[in-house]
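To keep things clear, I will list the structure first and then write my remarks on it.
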Amino acid sequence: MSAEAQVGLGDKLGRMRQSFRGWRGQRPFWGGLLTLLGGIPIMYFPYANLTLGTMTIRMATTAGAGSLIIGVLLVVLGLTMWFQPHSRIFAGVAAILLALVSLVVSNFGGFVIGFLLALLGGALGISWAADKPAKASAKGRADRSDDGAPEPAAAGAANGVSGTTDDLSGTSPDNGTNGRHRAG
């Protein structure tokens with residue numbers, strides 16, 4: 001490959017990486033990934049043959065179908081967190097409930113590995129909040145110094161001409177009430 005071809009490939013790879021980073025930031029990516037990964041051991045271990053030397057251990061139980069269903073549902077819930085982030089709370093709660101059920105149904109939740117991954121993934125899915133872009137107005141930019149802190153004149157102007165607060169609700173500590181309301 002020539003040097004020009006490598007530069008073009010690096011630029012394309014950099015754009016793809018930035019695109020993926022933007023996509024990942026708009027959804028509960030890690031919660032979905034951990035939920036998806038939690039479903040794999042839950043549905044795999046009941047059908048696996050583990051071999052230790054000459055001894056074969058088969059973990060097949062009567063709950064094999066239940067384990068398969070729980071594992072597939074966890075994978076689907078992980079994908080739901082990725083591709084439908086607005087339903088992340090439902091998917092997170094369902095993942096936590098399925099992880100708890102897998103303790104009883106599926107060999108202690110895929111030997112606790114799948115249980116912990118699905119539980120943590122569901123919790124991350126519930127707790128994720130989208131970044132809201134800060135709307136900076138022209139006035140907001142003009143009132144700030146270079147380090148981002150409001151300038152004293154701008155802070156005083158927001159509170160009123162004399163520097164006193166215009167808060168008459170009785171909840172401001174500046175007006176002496178400290179959150180206590182007057183009756184009457």
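What does the net charge come to around GLY31 if you take all other residues with beta carbon closer than 14 Å to its beta carbon, with K and R at +1 and D and E at -1?
Details: positive: ARG24, ARG27, ARG88; negative: none.
Net charge around GLY31: +3.
Enumerate the calculated ³J(HN,Hα) couplings along segment 112-117 in order (Karplus 6.51 cos²θ - 1.76 cosθ + 1.60, θ = phi - 60°), each rounded to whole Hz, writing x wherever the residue is Gly or Pro.
6, 5, x, 4, 5, 5
For segment 100-105, what does the Karplus curve 6.51 cos²θ - 1.76 cosθ + 1.60, with θ = phi - 60°, yield as ³J(HN,Hα) per residue in whole Hz, taken in order and with x for Gly and Pro?
5, 5, 5, 4, 8, 7
Which value, in Å² and to the nearest 10, is the accessible area of LEU119 when all protein chains are kept and the probe is 1.4 Å?
50
Could you let me know the centre-to-centre spacing of segment 19-79 and segment 93-124, using Cα atoms, in angstrom?
When both Cα centres are located, 10 Å separates them.
The values are calculated or read from the model by the stated rules, or taken from the named source; none is laboratory data. Every value quoted in this text rests on a predicted model; they were computed, and no experiment measured them. Cβ coordinates were reconstructed from backbone atoms using ideal geometry, including for glycine residues, and neighbour counts include every protein chain displayed. Just the protein is used for accessible areas: all its heavy atoms, side chains included, with ligands, DNA and RNA removed. Shrake-Rupley method; radii C 1.70, N 1.55, O 1.52, S 1.80 Å.
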